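Written below as C-alpha coordinates is the structure these notes are about.
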Amino acid sequence: MILKGGEVVLRDGTRRCDVRCENGRIAALGELAPARGERVVDCAGLTVFPGLIDMHVHLREPGFERKEDILSGSRAAVKGGFTQICCMPNTKPVADNKVVVSYIKSRAEAAGLCKVHPIGAITEGQAGKNLAAIGAMKAAGAVALSEDGKSVADSGLMANAMMYASDFGLKCLCHCEDASLVDGGVVHEGYYSTLTGLKGSLRAAEDILIAREICLSESLGIPVHICHVSTYSGVQLIREAKARGVQVTAETCPHYFILTDAAIASFDTDAKVNPPLREERDRLAVLEGLRDGTIDCIATDHAPHHADDKRVEFNDAAFGISGLETAFALSYTALVKGGVLTLPALAEKMSAAPARILSLEGGAVVEGERAHLTVADLSAVWKVDPASFASKGKNTPFKGREVCGAVRYTIVDGEIKYPFGEEV
Ligand code: DOR
Ligand code: ZN
Ligand code: ZN
(Lines give C-alpha, C1' and ligand atoms only; values in the text may rest on other atoms or scores of the structure.)
(Ligands and ions follow the chains in the order given, each with its own letter.)
Protein backbone atom coordinates (compact mmCIF):
# COMPACT_ATOMS: atom_id res chain seq x y z
CA MET A 1 0.00 0.00 0.00
CA ILE A 2 1.20 3.51 -0.79
CA LEU A 3 0.03 6.66 1.02
CA LYS A 4 0.34 9.13 -1.82
CA GLY A 5 1.06 12.84 -1.63
CA GLY A 6 0.66 13.50 2.10
CA GLU A 7 2.69 15.90 4.22
CA VAL A 8 4.71 13.53 6.40
CA VAL A 9 5.63 14.56 9.94
CA LEU A 10 9.26 13.62 10.54
CA ARG A 11 11.32 14.14 13.67
CA ASP A 12 12.72 17.50 12.61
CA GLY A 13 10.17 18.87 10.19
CA THR A 14 7.61 17.88 7.62
CA ARG A 15 8.11 16.71 4.06
CA ARG A 16 5.73 16.07 1.17
CA CYS A 17 6.35 12.44 0.21
CA ASP A 18 4.78 9.04 -0.33
CA VAL A 19 4.93 6.25 2.23
CA ARG A 20 5.02 2.57 1.25
CA CYS A 21 3.75 0.01 3.78
CA GLU A 22 4.83 -3.57 3.16
CA ASN A 23 4.62 -6.62 5.43
CA GLY A 24 3.51 -4.41 8.32
CA ARG A 25 6.50 -2.09 8.08
CA ILE A 26 7.36 1.22 6.48
CA ALA A 27 9.26 0.03 3.43
CA ALA A 28 10.05 3.31 1.69
CA LEU A 29 9.62 7.09 1.81
CA GLY A 30 9.95 9.33 -1.22
CA GLU A 31 8.39 9.74 -4.61
CA LEU A 32 7.09 6.25 -5.21
CA ALA A 33 5.55 4.60 -8.25
CA PRO A 34 2.90 2.06 -7.29
CA ALA A 35 3.72 -1.52 -8.20
CA ARG A 36 1.14 -3.53 -10.11
CA GLY A 37 -1.81 -4.32 -7.87
CA GLU A 38 -0.51 -2.09 -5.07
CA ARG A 39 -3.21 -0.15 -3.24
CA VAL A 40 -2.86 3.63 -3.42
CA VAL A 41 -4.42 5.82 -0.73
CA ASP A 42 -4.74 9.43 -1.86
CA CYS A 43 -3.33 11.59 0.94
CA ALA A 44 -3.21 14.87 -0.98
CA GLY A 45 -4.01 17.65 1.45
CA LEU A 46 -3.60 15.29 4.41
CA THR A 47 -0.88 15.01 7.06
CA VAL A 48 0.77 11.70 7.93
CA PHE A 49 1.80 11.32 11.58
CA PRO A 50 3.60 8.47 13.29
CA GLY A 51 0.79 6.36 14.75
CA LEU A 52 -0.52 8.02 17.89
CA ILE A 53 0.09 6.20 21.17
CA ASP A 54 -2.00 6.70 24.31
CA MET A 55 -0.14 5.33 27.31
CA HIS A 56 -3.05 5.88 29.72
CA VAL A 57 -6.55 4.60 29.03
CA HIS A 58 -9.24 2.72 30.95
CA LEU A 59 -10.93 -0.02 28.92
CA ARG A 60 -13.06 -1.28 31.85
CA GLU A 61 -13.02 -4.93 30.76
CA PRO A 62 -13.22 -7.23 32.64
CA GLY A 63 -15.94 -6.17 35.04
CA PHE A 64 -17.30 -2.82 33.95
CA GLU A 65 -18.37 -3.60 30.37
CA ARG A 66 -21.38 -1.34 30.83
CA LYS A 67 -18.96 1.61 30.79
CA GLU A 68 -16.66 0.29 28.02
CA ASP A 69 -15.19 -2.96 26.76
CA ILE A 70 -12.04 -3.84 24.90
CA LEU A 71 -13.82 -3.80 21.52
CA SER A 72 -15.65 -0.48 22.02
CA GLY A 73 -12.53 1.08 23.54
CA SER A 74 -10.40 -0.14 20.63
CA ARG A 75 -12.90 1.31 18.17
CA ALA A 76 -12.78 4.62 20.02
CA ALA A 77 -8.98 4.49 19.93
CA VAL A 78 -8.61 4.00 16.18
CA LYS A 79 -11.37 6.53 15.54
CA GLY A 80 -9.30 8.97 17.57
CA GLY A 81 -6.17 8.14 15.56
CA PHE A 82 -4.54 5.91 18.19
CA THR A 83 -2.63 2.91 16.88
CA GLN A 84 -1.47 1.73 20.29
CA ILE A 85 -3.00 2.15 23.74
CA CYS A 86 -1.99 1.03 27.22
CA CYS A 87 -4.81 0.08 29.57
CA MET A 88 -4.92 0.60 33.30
CA PRO A 89 -5.50 -2.30 35.68
CA ASN A 90 -8.44 -0.93 37.74
CA THR A 91 -10.84 -3.50 36.32
CA LYS A 92 -12.86 -6.13 38.18
CA PRO A 93 -11.06 -8.37 38.86
CA VAL A 94 -8.02 -6.10 39.00
CA ALA A 95 -5.29 -6.84 36.43
CA ASP A 96 -2.87 -7.95 39.13
CA ASN A 97 -2.03 -11.39 37.70
CA LYS A 98 -1.08 -13.11 34.47
CA VAL A 99 -4.57 -14.46 33.84
CA VAL A 100 -6.23 -11.04 33.56
CA VAL A 101 -3.27 -9.65 31.63
CA SER A 102 -3.43 -12.43 29.05
CA TYR A 103 -7.23 -12.20 28.93
CA ILE A 104 -6.96 -8.51 27.96
CA LYS A 105 -4.38 -9.29 25.31
CA SER A 106 -6.46 -12.04 23.77
CA ARG A 107 -9.62 -9.91 23.74
CA ALA A 108 -7.68 -7.10 22.08
CA GLU A 109 -6.31 -9.47 19.46
CA ALA A 110 -9.84 -10.66 18.77
CA ALA A 111 -10.94 -7.04 18.34
CA GLY A 112 -8.08 -6.73 15.83
CA LEU A 113 -7.93 -2.92 15.74
CA CYS A 114 -5.15 -1.13 17.65
CA LYS A 115 -2.34 -2.64 19.70
CA VAL A 116 -3.48 -2.92 23.32
CA HIS A 117 -0.76 -3.14 25.96
CA PRO A 118 -1.95 -4.07 29.45
CA ILE A 119 -0.57 -2.32 32.52
CA GLY A 120 -0.43 -4.49 35.63
CA ALA A 121 -1.38 -3.40 39.14
CA ILE A 122 1.39 -2.66 41.61
CA THR A 123 -0.32 -4.37 44.54
CA GLU A 124 -2.71 -7.30 44.80
CA GLY A 125 -6.24 -6.05 44.17
CA GLN A 126 -4.82 -2.49 44.23
CA ALA A 127 -5.30 -2.84 47.97
CA GLY A 128 -1.91 -1.37 48.84
CA LYS A 129 -0.78 -4.31 51.02
CA ASN A 130 1.13 -6.93 49.02
CA LEU A 131 3.01 -6.61 45.76
CA ALA A 132 1.25 -8.15 42.77
CA ALA A 133 2.84 -10.96 40.71
CA ILE A 134 5.08 -8.60 38.76
CA GLY A 135 7.29 -11.13 36.96
CA ALA A 136 4.34 -13.26 35.87
CA MET A 137 2.51 -10.21 34.53
CA LYS A 138 5.59 -9.13 32.61
CA ALA A 139 5.85 -12.61 31.10
CA ALA A 140 2.16 -12.40 30.11
CA GLY A 141 2.71 -9.09 28.30
CA ALA A 142 2.30 -6.25 30.80
CA VAL A 143 4.29 -3.22 29.62
CA ALA A 144 4.25 -1.24 32.89
CA LEU A 145 2.80 -1.19 36.40
CA SER A 146 0.37 1.28 37.95
CA GLU A 147 -1.99 1.65 40.87
CA ASP A 148 -3.96 4.21 38.82
CA GLY A 149 -7.06 5.54 40.49
CA LYS A 150 -4.95 5.92 43.63
CA SER A 151 -1.38 5.98 44.90
CA VAL A 152 0.43 3.29 46.87
CA ALA A 153 0.20 5.00 50.25
CA ASP A 154 2.99 3.01 51.94
CA SER A 155 6.33 4.49 50.84
CA GLY A 156 8.29 1.37 51.79
CA LEU A 157 6.03 -0.79 49.67
CA MET A 158 6.34 1.67 46.78
CA ALA A 159 10.14 1.56 47.01
CA ASN A 160 10.00 -2.25 46.88
CA ALA A 161 7.62 -2.08 43.94
CA MET A 162 9.98 0.17 42.01
CA MET A 163 12.91 -2.15 42.67
CA TYR A 164 11.00 -5.29 41.63
CA ALA A 165 9.52 -3.54 38.61
CA SER A 166 12.94 -2.37 37.51
CA ASP A 167 14.37 -5.89 37.86
CA PHE A 168 11.75 -6.97 35.32
CA GLY A 169 12.34 -3.98 33.05
CA LEU A 170 9.01 -2.37 33.95
CA LYS A 171 8.31 1.21 34.95
CA CYS A 172 5.84 2.40 37.58
CA LEU A 173 3.31 4.90 36.23
CA CYS A 174 2.29 6.95 39.23
CA HIS A 175 -1.15 8.37 39.90
CA CYS A 176 -0.24 10.97 42.52
CA GLU A 177 -2.80 11.52 45.25
CA ASP A 178 -2.51 11.69 49.01
CA ALA A 179 -5.87 10.21 50.03
CA SER A 180 -5.72 11.69 53.52
CA LEU A 181 -5.54 15.18 52.02
CA VAL A 182 -8.22 14.59 49.38
CA ASP A 183 -10.52 13.26 52.09
CA GLY A 184 -13.68 13.24 49.98
CA GLY A 185 -12.81 16.29 47.89
CA VAL A 186 -14.44 16.24 44.47
CA VAL A 187 -13.03 19.40 42.85
CA HIS A 188 -9.97 21.64 43.17
CA GLU A 189 -10.00 23.74 46.33
CA GLY A 190 -10.30 27.37 45.36
CA TYR A 191 -12.78 29.99 44.20
CA TYR A 192 -15.09 27.52 42.45
CA SER A 193 -15.20 25.04 45.31
CA THR A 194 -16.25 27.95 47.53
CA LEU A 195 -18.79 29.21 45.00
CA THR A 196 -20.42 25.81 44.50
CA GLY A 197 -20.05 24.53 48.03
CA LEU A 198 -18.38 21.39 46.65
CA LYS A 199 -15.60 19.94 48.78
CA GLY A 200 -12.19 20.83 47.41
CA SER A 201 -8.84 19.14 47.44
CA LEU A 202 -5.48 20.93 47.54
CA ARG A 203 -2.68 20.90 45.01
CA ALA A 204 -0.61 19.51 47.87
CA ALA A 205 -2.56 16.24 47.63
CA GLU A 206 -1.03 15.71 44.18
CA ASP A 207 2.31 17.44 44.74
CA ILE A 208 3.26 15.44 47.85
CA LEU A 209 3.06 12.20 45.91
CA ILE A 210 4.84 13.65 42.87
CA ALA A 211 7.63 14.71 45.23
CA ARG A 212 7.73 11.29 46.92
CA GLU A 213 7.96 9.40 43.62
CA ILE A 214 10.75 11.74 42.51
CA CYS A 215 12.60 11.16 45.81
CA LEU A 216 12.26 7.38 45.48
CA SER A 217 13.39 7.49 41.86
CA GLU A 218 16.38 9.65 42.76
CA SER A 219 17.43 7.62 45.80
CA LEU A 220 17.05 4.28 44.06
CA GLY A 221 18.29 5.38 40.65
CA ILE A 222 15.19 3.89 39.05
CA PRO A 223 13.14 5.65 36.36
CA VAL A 224 9.59 6.66 37.23
CA HIS A 225 6.68 8.15 35.29
CA ILE A 226 4.19 10.67 36.67
CA CYS A 227 0.61 10.40 35.37
CA HIS A 228 -1.73 13.26 34.47
CA VAL A 229 0.14 16.26 35.92
CA SER A 230 -2.34 19.03 36.73
CA THR A 231 -0.65 21.51 39.10
CA TYR A 232 1.81 24.34 38.43
CA SER A 233 3.76 23.21 41.47
CA GLY A 234 3.90 19.61 40.21
CA VAL A 235 5.28 20.83 36.87
CA GLN A 236 7.97 22.74 38.79
CA LEU A 237 8.89 19.69 40.92
CA ILE A 238 9.38 17.64 37.76
CA ARG A 239 11.32 20.42 36.01
CA GLU A 240 13.74 20.71 38.94
CA ALA A 241 14.12 16.93 39.24
CA LYS A 242 14.94 16.62 35.54
CA ALA A 243 17.46 19.46 35.82
CA ARG A 244 19.43 17.48 38.40
CA GLY A 245 19.28 14.29 36.40
CA VAL A 246 16.44 12.35 38.00
CA GLN A 247 15.02 9.78 35.56
CA VAL A 248 11.49 11.11 35.72
CA THR A 249 9.05 11.39 32.83
CA ALA A 250 5.58 12.88 32.90
CA GLU A 251 2.31 13.07 31.03
CA THR A 252 -0.61 15.45 31.05
CA CYS A 253 -4.04 15.32 29.41
CA PRO A 254 -5.89 17.73 27.10
CA HIS A 255 -8.34 18.73 29.84
CA TYR A 256 -5.50 20.04 32.01
CA PHE A 257 -4.12 22.36 29.33
CA ILE A 258 -7.51 23.48 27.97
CA LEU A 259 -9.91 23.70 30.90
CA THR A 260 -9.94 25.15 34.38
CA ASP A 261 -12.17 24.53 37.37
CA ALA A 262 -14.53 27.18 35.98
CA ALA A 263 -15.99 24.19 34.08
CA ILE A 264 -17.51 22.83 37.30
CA ALA A 265 -19.34 26.08 38.14
CA SER A 266 -22.42 24.70 36.34
CA PHE A 267 -22.14 21.39 38.25
CA ASP A 268 -21.33 19.60 34.99
CA THR A 269 -20.36 16.14 36.22
CA ASP A 270 -18.58 15.52 32.90
CA ALA A 271 -15.96 17.97 34.19
CA LYS A 272 -15.48 15.90 37.36
CA VAL A 273 -12.11 14.24 36.96
CA ASN A 274 -9.26 13.10 39.15
CA PRO A 275 -6.95 14.95 39.59
CA PRO A 276 -9.42 17.83 39.39
CA LEU A 277 -9.41 20.65 36.85
CA ARG A 278 -7.41 23.44 38.44
CA GLU A 279 -6.80 27.16 37.95
CA GLU A 280 -5.56 29.29 35.05
CA ARG A 281 -2.14 29.46 36.68
CA ASP A 282 -1.95 25.66 36.57
CA ARG A 283 -3.22 25.44 33.01
CA LEU A 284 -0.57 27.90 31.83
CA ALA A 285 2.17 26.03 33.71
CA VAL A 286 1.09 22.75 32.10
CA LEU A 287 1.31 24.43 28.68
CA GLU A 288 4.77 25.75 29.53
CA GLY A 289 5.78 22.28 30.76
CA LEU A 290 4.75 20.81 27.41
CA ARG A 291 6.60 23.55 25.56
CA ASP A 292 9.88 23.30 27.48
CA GLY A 293 9.94 19.49 27.65
CA THR A 294 9.22 19.12 31.37
CA ILE A 295 6.08 17.20 30.37
CA ASP A 296 7.13 14.49 27.94
CA CYS A 297 3.84 13.36 26.54
CA ILE A 298 0.10 13.70 26.18
CA ALA A 299 -2.16 10.87 27.32
CA THR A 300 -5.95 10.91 27.47
CA ASP A 301 -6.68 9.17 30.79
CA HIS A 302 -9.71 7.97 28.77
CA ALA A 303 -12.13 7.20 31.61
CA PRO A 304 -15.47 6.20 30.09
CA HIS A 305 -18.47 6.01 32.38
CA HIS A 306 -22.10 5.02 31.94
CA ALA A 307 -24.68 7.83 32.05
CA ASP A 308 -25.99 6.28 35.27
CA ASP A 309 -22.61 7.01 36.89
CA LYS A 310 -22.57 10.63 35.69
CA ARG A 311 -26.20 11.83 35.65
CA VAL A 312 -26.33 11.99 39.42
CA GLU A 313 -25.57 14.56 42.07
CA PHE A 314 -22.04 15.97 41.67
CA ASN A 315 -20.76 14.36 44.86
CA ASP A 316 -21.95 10.92 43.76
CA ALA A 317 -20.75 11.13 40.15
CA ALA A 318 -17.80 9.08 38.94
CA PHE A 319 -14.51 10.80 38.14
CA GLY A 320 -13.38 10.74 34.53
CA ILE A 321 -13.52 12.00 30.96
CA SER A 322 -14.00 9.95 27.78
CA GLY A 323 -11.01 11.21 25.84
CA LEU A 324 -9.88 8.97 23.00
CA GLU A 325 -11.97 10.54 20.26
CA THR A 326 -11.19 14.17 21.03
CA ALA A 327 -7.54 14.16 22.18
CA PHE A 328 -5.92 14.61 18.78
CA ALA A 329 -8.13 17.50 17.65
CA LEU A 330 -8.06 19.16 21.07
CA SER A 331 -4.27 18.93 21.21
CA TYR A 332 -3.75 20.05 17.62
CA THR A 333 -6.11 22.98 18.13
CA ALA A 334 -4.79 24.14 21.50
CA LEU A 335 -1.11 23.40 21.00
CA VAL A 336 -0.26 23.71 17.30
CA LYS A 337 -2.87 26.28 16.27
CA GLY A 338 -2.31 27.88 19.67
CA GLY A 339 1.39 28.35 18.89
CA VAL A 340 2.77 26.20 21.73
CA LEU A 341 4.13 23.25 19.72
CA THR A 342 5.18 22.57 16.12
CA LEU A 343 3.75 19.56 14.27
CA PRO A 344 6.90 17.46 14.91
CA ALA A 345 6.69 18.43 18.60
CA LEU A 346 3.05 17.30 18.72
CA ALA A 347 4.07 13.99 17.13
CA GLU A 348 6.79 13.71 19.78
CA LYS A 349 4.26 14.19 22.61
CA MET A 350 1.60 11.88 21.17
CA SER A 351 3.75 9.16 19.61
CA ALA A 352 7.55 9.17 19.94
CA ALA A 353 7.72 9.96 23.67
CA PRO A 354 5.23 7.32 24.86
CA ALA A 355 6.97 4.76 22.62
CA ARG A 356 10.30 5.63 24.21
CA ILE A 357 8.99 5.73 27.79
CA LEU A 358 7.48 2.26 27.50
CA SER A 359 9.93 0.78 24.95
CA LEU A 360 7.19 0.17 22.39
CA GLU A 361 7.70 -0.18 18.66
CA GLY A 362 6.59 2.70 16.46
CA GLY A 363 6.71 6.40 17.21
CA ALA A 364 8.40 7.55 14.01
CA VAL A 365 7.84 7.60 10.27
CA VAL A 366 11.15 6.07 9.17
CA GLU A 367 12.02 3.20 6.86
CA GLY A 368 12.02 -0.13 8.65
CA GLU A 369 9.79 1.01 11.53
CA ARG A 370 6.41 -0.69 12.08
CA ALA A 371 3.75 0.80 9.79
CA HIS A 372 1.65 2.41 12.52
CA LEU A 373 0.44 5.70 11.00
CA THR A 374 -2.23 8.31 11.63
CA VAL A 375 -3.45 10.38 8.70
CA ALA A 376 -5.32 13.59 9.49
CA ASP A 377 -6.98 16.46 7.70
CA LEU A 378 -5.69 19.46 9.63
CA SER A 379 -7.99 21.86 7.84
CA ALA A 380 -11.16 20.06 8.93
CA VAL A 381 -13.27 21.85 11.52
CA TRP A 382 -15.84 19.84 13.48
CA LYS A 383 -17.93 19.95 16.60
CA VAL A 384 -17.55 17.44 19.43
CA ASP A 385 -20.73 15.33 19.57
CA PRO A 386 -20.61 12.57 22.19
CA ALA A 387 -23.59 10.85 20.54
CA SER A 388 -21.29 10.01 17.63
CA PHE A 389 -18.57 8.46 19.84
CA ALA A 390 -17.59 4.84 19.26
CA SER A 391 -16.81 4.72 22.98
CA LYS A 392 -19.64 3.72 25.29
CA GLY A 393 -18.51 6.64 27.46
CA LYS A 394 -20.21 9.82 26.27
CA ASN A 395 -18.85 11.78 29.25
CA THR A 396 -16.96 14.77 27.94
CA PRO A 397 -16.87 18.38 29.10
CA PHE A 398 -15.90 19.28 25.52
CA LYS A 399 -19.36 18.50 24.12
CA GLY A 400 -20.39 21.12 21.56
CA ARG A 401 -16.85 22.54 21.27
CA GLU A 402 -15.51 23.38 17.83
CA VAL A 403 -12.11 21.85 17.08
CA CYS A 404 -9.68 21.62 14.15
CA GLY A 405 -8.05 18.48 12.80
CA ALA A 406 -9.87 15.29 11.89
CA VAL A 407 -8.48 11.77 11.73
CA ARG A 408 -8.97 10.32 8.24
CA TYR A 409 -7.05 7.02 8.43
CA THR A 410 -5.62 5.01 11.28
CA ILE A 411 -3.15 2.41 10.07
CA VAL A 412 -1.85 -0.40 12.25
CA ASP A 413 0.80 -2.81 10.94
CA GLY A 414 0.20 -1.43 7.47
CA GLU A 415 -3.57 -2.10 7.55
CA ILE A 416 -6.29 0.55 7.58
CA LYS A 417 -8.24 0.04 10.83
CA TYR A 418 -10.21 3.29 10.63
CA PRO A 419 -12.49 4.12 8.85
CA PHE A 420 -14.12 0.87 9.93
CA GLY A 421 -14.75 -1.75 7.27
CA GLU A 422 -18.51 -1.24 7.45
CA GLU A 423 -18.11 2.50 6.79
CA VAL A 424 -15.87 2.22 3.72
O1 DOR B 1 -10.78 10.70 36.60
C2 DOR B 1 -10.29 9.60 36.79
N3 DOR B 1 -10.90 8.46 36.38
N4 DOR B 1 -9.13 9.51 37.43
C5 DOR B 1 -8.61 8.35 37.82
O6 DOR B 1 -7.57 8.36 38.42
C7 DOR B 1 -9.32 7.09 37.58
C8 DOR B 1 -10.22 7.21 36.42
C9 DOR B 1 -11.23 6.09 36.35
O10 DOR B 1 -10.83 4.91 36.44
O11 DOR B 1 -12.42 6.37 36.14
ZN1 ZN C 1 -5.11 8.44 37.60
ZN1 ZN D 1 -6.36 6.89 34.77
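Observations
- Selection count where residues are touching a helix residue (DSSP H, G or I) at 6+ places or on another chain (Cβ under 6 Å) and charged (D, E, K, R), scope the range 96-154: 4
- Among (1) surrounded by fewer than 24 Cβ atoms within 10 Å (Cβ to Cβ); (2) in a helix (DSSP H, G or I), the one test that F267 misses: (2)
- Condition check for L284: more than 16 Å from ligand 2 (Cβ to nearest atom), in contact (Cβ under 8 Å) with a residue 24 or more places away in the chain and part of a loop (DSSP other than H, G, I, E, B): no
- Wholly within the range 31-98, strands (runs of 3 or more DSSP E) carrying at least 2 residues that are hydrophobic (A, V, I, L, M, F, W, C), within 21 Å of the chain's Cα centre (by Cα) and within 16 Å of ligand 1 (Cβ to nearest atom): 52-57, 82-87
- Of the residues A352, A318, A329, A334, the single one that is buried (at least 18 other Cβ atoms within 10 Å of the Cβ) and touching a strand residue (DSSP E or B) at 6+ places or on another chain (Cβ under 6 Å) is A329.
- Number of residues in the range 275-299 that are crowded, with 24+ Cβ neighbours inside 10 Å, farther than 17 Å from A345 by Cα and not aliphatic (A, V, I, L, M) equals 4.
- Qualifying positions in the range 291-310 - part of a loop (DSSP other than H, G, I, E, B), within 16 Å of ligand 1 (Cβ to nearest atom) and more than 12 Å from the chain's Cα centre (by Cα): P304, H305, H306
- Residues of the range 226-264 that are in a strand (DSSP E or B) and acidic (D, E): E251 alone.
- Looking only at the range 186-236, and only at residues there that are more than 25 Å from the chain's Cα centre (by Cα) and aromatic (F, W, Y), the one that is farthest from ligand 1 (Cβ to nearest atom): Y191
- Of all residues in the range 255-265, none satisfies being more than 16 Å from ligand 3 (Cβ to nearest atom), touching a strand residue (DSSP E or B) at 6+ places or on another chain (Cβ under 9 Å) and either at pLDDT below 95 or of a type in the set (G, A, S) (or both).
The values are calculated or read from the model by the stated rules, or taken from the named source; none is laboratory data. Predicted, not measured: the structure shown is a model, and the values here were computed from it. Please note: Cβ atoms are built from the backbone with ideal geometry, for glycine as well, and neighbour counts cover all protein chains shown.
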